[in-house]
Amino acid sequence: STDMAAAESEGIVYAVVARGSTILCDQATKAGNFQTVTERILEKVAEENRVSASAPSERRMSYLYDSYAFHFVASGELVFLCLAAQDFGRTRPFAFLADLQNRFLATYGRKWQTASKREMQSGFKRVLEKQMDYFSNNPNADRIRKVRGEIEEVKNIMTDNIDKVLARGEKISLLVEKTDALQTNATSFRQRSTTLRKHMCVKSMKLTIILIVIANVAIFIIVLIACGGFSF
């Protein structure tokens with residue numbers, strides 16, 4: 001079933017909010033080079049907006065690439081995009097994007113129109129992370145979508161191959177690391193912190209020993225001088 005496939009899939013691994021080709025904020029749960037392909041998609045969406053004055057007010061589309069799919073909702077220049085495994089389906093990714101769109105606009109209103117690159121990163125990253133986890137792992141995400149009757153609507157969204165986005169002859173191998181990037185970074189940070197603490201402790205201990213030796217030698221010399229030096 002769709003729910004079972006979604007449960008077994010790795011879920012949403014990358015999400016972006018952008019104005020045209022300018023990324024305002026993004027978040028990844030895994031390491032990889034998917035940002036490169038994302039930039040190509042954003043460039044294509046921005047180009048289509050420029051050349052077509054009669055472009056629909058909102059477009060929804062999926063681009064397939066190997067075993068993954070890039071899903072996006074473009075409302076004029078404002079683009080909400082996510083990357084997920086194909087076997088995760090499209091219901092949850094587009095539910096995630098709709099939720100993301102509502103939360104972003106409720107938070108920033110029209111500020112995105114003049115925002116600089118990644119200006120919303122610090123303020124909205126936590127929301128991206130939380131909602132990515134919810135729509136990837138919480139079965140209620142699908143149930144909410146079903147109640148709204150939007151699953152049939154998702155089936156009608158156009159799907160195309162990523163080759164339509166890349167330049168002719170261009171080939172980018174999509175790499176998504178199997179390990180959790182956040183967990184890996186956290187583990188690496190803890191290991192570096194532990195190593196640094198040990199190094200500082202050893203250094204402090206050595207310094208303490210040297211100071212004790214110097215103090216003892218100084219005291220010995222002072223006492224020796226006070227007693228008139230060595231007597232043989």
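Readers should treat all values here as calculations from the given coordinates under stated rules, not as data from a laboratory. Because the structure is a prediction, the values reported are computed rather than measured. In this analysis, Cβ positions are derived from the backbone assuming ideal geometry, glycine residues included, and neighbour counts consider all displayed protein chains.
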> Based on the Cβ-Cβ distance of S204 and D133, what FRET efficiency does E = 1/(1 + (r/R0)^6) give at R0 = 35 Å, to the nearest 0.05?
Replying inline: 0.30
> How would you order 76-85, 123-132, 103-112, 204-213 from highest to lowest mean count of nearby Cβ atoms within 10 Å?
Replying inline: 76-85, 123-132, 103-112, 204-213
>> With the crude spin-label approximation of a point 7 Å out along Cα→Cβ, what separation in nm comes out for Q121 versus A98?
In response: 3.1
> Do the alpha carbons of any pairs in K130/K203; K125/K198; K130/K198; K44/K130; K44/K125 sit beyond 31 Å of each other, and which pairs?
Replying inline: K130/K203; K125/K198; K130/K198
> Using the scaling law 2.2 N^0.38 Å as the reference, what is the normalised Cα Rg of region 57-104?
Replying inline: 1.09
